[in-house]
Amino acid sequence: MNNIKKNILRLILKGLCLWAFTFKPRAWNLRLGIWGLMLGTLNSLQAQDPQFSQFYAAPLYLCPSYAGASDGSRVTINFRDQWPKIPGAFITYAFSADQYIRKLKSGIGFLFLRDQAGIGKLSTTNVGWQYSYNLRLNNRWYARPGIHFLYTQRSVDYTRNTFVDQISINGNAPTTVENIANTKSGFLGASSSLVFYSRKYWFGSSLDHLIKSNQSFMGVQSNLPAKYTAFGGLKVDINKRLGRFNEESATILVLYQRQRKFNQLTFSAYWLKSPLIIGIGYRGIPLYKDPKTGYNNIDAAIFLLGYRTLNFAIGYSYDFTVSRLLGSTGGAHEVSIIYEFWQGPKLKTNRKQNVVSCPKF
């Protein structure tokens, strides 16, 4: 990672540093957790894409192949508050809408996502359109390629940060000698994906940041690293009523993501007794240690509670931190809402052929 990206993210950590000096004495556990975070990341800072624990409840963000992956129209809203105990925590919210066009065997989708990180309000806003095509392979299996074109704008509010030359034993100076020429950058991007699915099984992959995009605020070259995603799952029918109002089923999911040197693996399992959904998950790579730092790749245990009908689903999940930051972050809260409409009787006639078999959460 180049020096420019490091300097931008260091601005955020400097704000945390100043807060750690002035925080009330009774909160030593949180203060020590913040210092552990800063010391552990200062020399290896890298920007990563936002994530959702309910990744199937953000289908268009997961991969463009899910655009139009229903019988008609669908609207999805997602919100995530990560590490709320840390000042200037990570807030992500997304809105998407998609439509299946039966005559063209195609799906189209629109995705808006905004991510805000740190005291310095380092923000990323994505706006893009997606297209997918539904291809029948045989009587059981289908393939669904997809593509996503988007525009990204990144911004940072330097006035919220405290630079080294402002820190004084007599109090912080109101101005700095740092000359900040630009607070925004914008660029075009693209991603592609491919999903294979049957009535009970599915697997796929996606590749984000196909275009080398310069995300620098300072006019130097700083390309956004590519992100590789692979996922899959299976659905076990318990009462032989898959896709019906009184369905009872169990679902097992796995998601793997890699961006530059970062690896992340998520396991999840859901039990649906319509309309109630209960789920658990784990994010981390068991028995794996980073060869440079020696740290285990563990992050969080995930707990989910949801309510789902044929056309509506709402879910809440909480990430319980199990890494070295246990007790310092406040975990993560996440809410998702999915509403499907214009799913008339004629559209439901061939439901098996059009709907990608995957959970709402």
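Can you list the strands (runs of 3 or more DSSP E) lying wholly within the stretch 89-146 that have 3 or more residues being at pLDDT 95 or above and among the acidic types (Asp, Glu)? Fully inside the stretch 89-146 and qualifying: nothing. Does Arg154 meet the test of being in contact with a His (Cβ under 8 Å, 6 or more places away or on another chain) and on the phi < 0 side of the Ramachandran plot? Answer is no for this residue.
Annotation: Pro87 fulfils all but one of (1) surrounded by fewer than 22 Cβ atoms within 10 Å (Cβ to Cβ); (2) closer than 25 Å to Val195 by Cα; the unmet one is (2).
For the stretch 263-271, state whether one or more residues are aliphatic (A, V, I, L, M) and either touching an Asp or Glu at 6+ places or on another chain (Cβ under 7 Å) or touching a residue at least 12 places away in the same chain (Cβ under 8 Å) (or both). Within the stretch 263-271 (the criterion being aliphatic (A, V, I, L, M) and either touching an Asp or Glu at 6+ places or on another chain (Cβ under 7 Å) or touching a residue at least 12 places away in the same chain (Cβ under 8 Å) (or both)), the answer is yes, since at least one residue qualifies.
Suppose we filter the stretch 198-222 for residues that are at pLDDT 85 or above and touching a Lys or Arg at 6+ places or on another chain (Cβ under 7 Å); how many remain?
The qualifying residues number 5.
What do you reckon, is Ile285 modelled with pLDDT of 95 or more and either among the basic types (Lys, Arg) or closer than 23 Å to Ala57 by Cα (or both)? Judged against the criteria, Ile285 is not a match.
Restricting attention to the stretch 100-129, the residues that are under 19 Å from Ser65 (Cβ atoms), surrounded by 19 or more Cβ atoms within 10 Å (Cβ to Cβ) and not aliphatic (A, V, I, L, M) total 5. Applying the set (1) surrounded by 14 or more Cβ atoms within 10 Å (Cβ to Cβ); (2) within 23 Å of Leu310 (Cα to Cα); (3) aromatic (Phe, Trp, Tyr) to Tyr256 leaves exactly one unmet item: (2). Selection of the stretch 288-343 for residues being surrounded by 16 or more Cβ atoms within 10 Å (Cβ to Cβ) and among the acidic types (Asp, Glu) yields Asp299, Asp319, Glu334, Glu340. Applying the condition of being assigned to a loop (DSSP other than H, G, I, E, B) and of a type in the set (Ser, Thr, Tyr) to the stretch 39-65 and asking which residue is modelled with the highest pLDDT yields Ser53.
Residues in the stretch 111-129 that are in contact with an Asp or Glu (Cβ under 7 Å, 6 or more places away or on another chain) and touching a residue at least 40 places away in the same chain (Cβ under 8 Å): Gly120, Thr124.
The values are calculated or read from the model by the stated rules, or taken from the named source; none is laboratory data. As the structure is a prediction and not an experimental result, all values here were calculated from the model. Quick reminder, even Gly has a Cβ in these numbers, built from the backbone with ideal geometry, and neighbours come from all protein chains shown.
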